[in-house]
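S.K.: To start, I am sharing the structure in question, which I have written as C-alpha cells.
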Amino acid sequence: MNTEISVPGLIQKAYDNLKASDVTSALRVLDEALGLDYDNPEVVYGLKCLNWWLERIKRLDDFHDPYDRGGFILSQWKSFYGFLDRIGEGYDACLYAVRRFVFSTALKAFEDVLGDGVNQHDPGLLLQVGCCYKGVGNYVEALKYMEQAARFRREDGETLSELADVNALLEETRVAKVLFREAFFTDPQGVNLRSMESELIIRLADRVKGKGYLGQELLEWIPIYGRLFGVFSVKRELKSIELSRIKQSIFSLENEIRGRPDNLSLLIPRLINRYFWLIDHYENIRENPGLIEETMLKIKLIDPEIYEQYMH
C-alpha cells in the first residue's frame, strides 16, 4: 500500500469522522494510519489531541444537568490551550476538526437547556450557545445569540469581543472595529484572545506581541496600537455620562500612577487608552484645540514614544 496516498487519506477520514462527532471511528482510523506510518507527525499530533479529549469526555456522565455538562466541555476547551502549548506546533486541519467536535458536543447540551425558550434571558447561557455556534462555523446563529447576550452585558469584555469577532467573521468590519474597541476599553482583561478567530484581531494581537508585550500587558496595549495602526479607526462622540466617567477614571488613574504601584505596566496603557478616547471625543465635537493639546502633552509625559507615533 502506498503510504504517501493512504496515510493522508486516512487522516482526512479521521477528521471527517471527528467533525461528524464520531469520535470512536476517528480514533480507529488514526490508529490505522499510525500502523502504516509510525513517525507521521500529524497522526501523532491528532492522536494526542483526541486522547486528551477522550479522557475528558468520559467524565460527562458525572454531570446530570445539561447546563453543567455544556459548561464543563467549554471549561475544558480553555484548558486544552495549555495542552496545545506543551505539545508544540500543531496542524490547523486537526484543530478545526477537534473544535467542531467539541463545540458540537457542548451545543447539544445547551440546546437541552434552552428548551422552549424559557432560559433565553440568561446572558451567560446565551453567550455560551453563541460561542458554540461560532465554534462549529455557524456565524449567523452565533451572532443572534451573542447580540442577545450583549444586551444584558454591555460592559463585559468577553461578550463584546466575542460579538465583535463574529461580526468580523461575517465581514461586518465597521461594526467589529467599534465593538472590539469598546471591549478593550471597558474590560480588556475580560477578552480571551485564544478564542478569537478573525484575522482583524489576530493580526493586531500578533503585531503587538512583536513589540514584546504578553499576558495582561498585551491586553492593555492592544487598544493603544489598534488606534495607532488604524485598526480601531471608528470613533464616536461620547454621551455626557460617558464623558464624566472617563474624566473621573483618568483622574483616578493619574493619582494611582503617581503612587508608583506594582501594576504600573498595566495602568499606563489603560490611562493612555482613556486619553485617546477623550481626544477622539474632542475632535468629534470640535472642541477647543487647547484641550486636545493638553491631553496630548499628558501622553508625552508618560510615554514619549507613543506620543511620537501618534503625532506621525
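The values are calculated or read from the model by the stated rules, or taken from the named source; none is laboratory data. Note that the coordinates shown come from a computational prediction; the quantities given were computed from them, not determined experimentally. Glycine also receives a Cβ, built like all others from the backbone with ideal geometry; neighbour counts cover every protein chain displayed. For accessibility, only protein heavy atoms count, side chains too; no ligands or nucleic acids. Shrake-Rupley method; radii C 1.70, N 1.55, O 1.52, S 1.80 Å.
S.K.: Just the residues that are buried (at least 16 other Cβ atoms within 10 Å of the Cβ) and in a loop (DSSP other than H, G, I, E, B), please, taken from the range 149-169. Step through it out loud before you land on a result.
M.R.: Going residue by residue through the range 149-169, those that are buried (at least 16 other Cβ atoms within 10 Å of the Cβ) are 149-150, 153, 156-169.
Those that are buried (at least 16 other Cβ atoms within 10 Å of the Cβ) and in a loop (DSSP other than H, G, I, E, B): 153, 156.
S.K.: Being in contact with a Phe, Trp or Tyr (Cβ under 8 Å, 6 or more places away or on another chain) and open to solvent by 70 Å² or more (accessible area, probe 1.4 Å), is that true of even one residue in the range 191-202? Let's see the steps before the verdict.
M.R.: Just the residues of the range 191-202 that are in contact with a Phe, Trp or Tyr (Cβ under 8 Å, 6 or more places away or on another chain), to begin with: 191, 194, 200-201.
Then drop every residue that is not open to solvent by 70 Å² or more (accessible area, probe 1.4 Å), which leaves 194.
The answer is yes, given that some residue of the range 191-202 is in contact with a Phe, Trp or Tyr (Cβ under 8 Å, 6 or more places away or on another chain) and open to solvent by 70 Å² or more (accessible area, probe 1.4 Å).
S.K.: Exactly one condition in (1) among the β-branched types (Val, Ile, Thr); (2) over 23 Å from residue 175 (Cβ atoms); (3) not in a helix (DSSP H, G or I) is false for residue 295; which is it?
M.R.: (3)
S.K.: Give the residue that is modelled with the lowest pLDDT, with candidates limited to residues of the range 1-23 that are in a helix (DSSP H, G or I), open to solvent by 70 Å² or more (accessible area, probe 1.4 Å) and more than 23 Å from residue 137 (Cβ to Cβ).
M.R.: Among those residues, the one meeting the criterion is 4.
S.K.: Any chance the range 266-281 includes a residue that's modelled with pLDDT under 95, of a type in the set (D, E, K, R) and out of contact with any Ser or Thr (no Cβ under 8 Å at 6 or more places or on another chain)?
M.R.: Checking the range 266-281: at least one residue is modelled with pLDDT under 95, of a type in the set (D, E, K, R) and out of contact with any Ser or Thr (no Cβ under 8 Å at 6 or more places or on another chain).
S.K.: Just a yes or no: is a residue in the range 246-268 out of contact with any Pro (no Cβ under 6 Å at 6 or more places or on another chain), under 24 Å from residue 308 (Cβ atoms), of a type in the set (Lys, Arg) and crowded, with 17+ Cβ neighbours inside 10 Å?
M.R.: Checked against the condition, which is being out of contact with any Pro (no Cβ under 6 Å at 6 or more places or on another chain), under 24 Å from residue 308 (Cβ atoms), of a type in the set (Lys, Arg) and crowded, with 17+ Cβ neighbours inside 10 Å, the range 246-268 yields no hits at all.
S.K.: List every residue pair whose Cβ atoms sit under 8 Å apart, with the two residues 6 or more apart in sequence or on different chains, where the first one lies in the range 198-215 and is under 23 Å from residue 163 (Cβ atoms) and the second, anywhere, is in a loop (DSSP other than H, G, I, E, B).
M.R.: Partner pairs satisfying both residue conditions: 200/231; 202/196; 204/229; 204/231; 205/196; 207/229.
S.K.: Can you list the helices (runs of 4 or more DSSP H) lying wholly within the range 27-124 that have 1 or more residues being closer than 20 Å to residue 149 by Cβ?
M.R.: On the way: elements: 41-57, 66-87, 92-114.
Result: 66-87, 92-114.
S.K.: Is it the case that the range 219-227 has a residue that's charged (D, E, K, R), touching a residue at least 24 places away in the same chain (Cβ under 8 Å) and assigned to a helix (DSSP H, G or I)?
M.R.: The initial filter retains those residues of the range 219-227 that are charged (D, E, K, R), namely 220, 227.
Next cut, touching a residue at least 24 places away in the same chain (Cβ under 8 Å) only: 220, 227.
Imposing the further condition that a residue be assigned to a helix (DSSP H, G or I) reduces the set to 220, 227.
Yes.
S.K.: Okay, moving on. Please go through the range 280-312 and give me each residue that is under 18 Å from residue 220 (Cα atoms), open to solvent by less than 40 Å² (accessible area, probe 1.4 Å) and either among the β-branched types (Val, Ile, Thr) or in contact with a strand residue (DSSP E or B) (Cβ under 9 Å, 6 or more places away or on another chain) (or both), ordered by number.
M.R.: Correct list: 299, 306.
S.K.: Exactly one of (1) in a helix (DSSP H, G or I); (2) crowded, with 20+ Cβ neighbours inside 10 Å; (3) of a type outside the set (Asp, Glu); (4) over 14 Å from the mean Cα position of the chain (by Cα) is unmet by residue 207. Its number?
M.R.: Result: residue 207 passes all but (2).
S.K.: If you don't mind, another one. Tell me which residues, restricted to the range 210-231, are in contact with a Pro (Cβ under 8 Å, 6 or more places away or on another chain) and open to solvent by 60 Å² or more (accessible area, probe 1.4 Å). Break it down stepwise before answering.
M.R.: Taking the range 210-231 as the starting set, the residues that turn out to be in contact with a Pro (Cβ under 8 Å, 6 or more places away or on another chain) are 217, 219-224.
If the condition is that a residue be in contact with a Pro (Cβ under 8 Å, 6 or more places away or on another chain) and open to solvent by 60 Å² or more (accessible area, probe 1.4 Å), then 217 is the only one that fits.
S.K.: Quick check on my filter: what residues within the range 170-188 are open to solvent by 40 Å² or more (accessible area, probe 1.4 Å), in contact with an Asp or Glu (Cβ under 8 Å, 6 or more places away or on another chain) and assigned to a helix (DSSP H, G or I)? Give the steps one after another, and end with the answer.
M.R.: Filtering the range 170-188 down to residues open to solvent by 40 Å² or more (accessible area, probe 1.4 Å) leaves 170-175, 177-178, 186-187.
Restricting the remaining residues to those that are in contact with an Asp or Glu (Cβ under 8 Å, 6 or more places away or on another chain) gives 186-187.
Correct list: 186 only.
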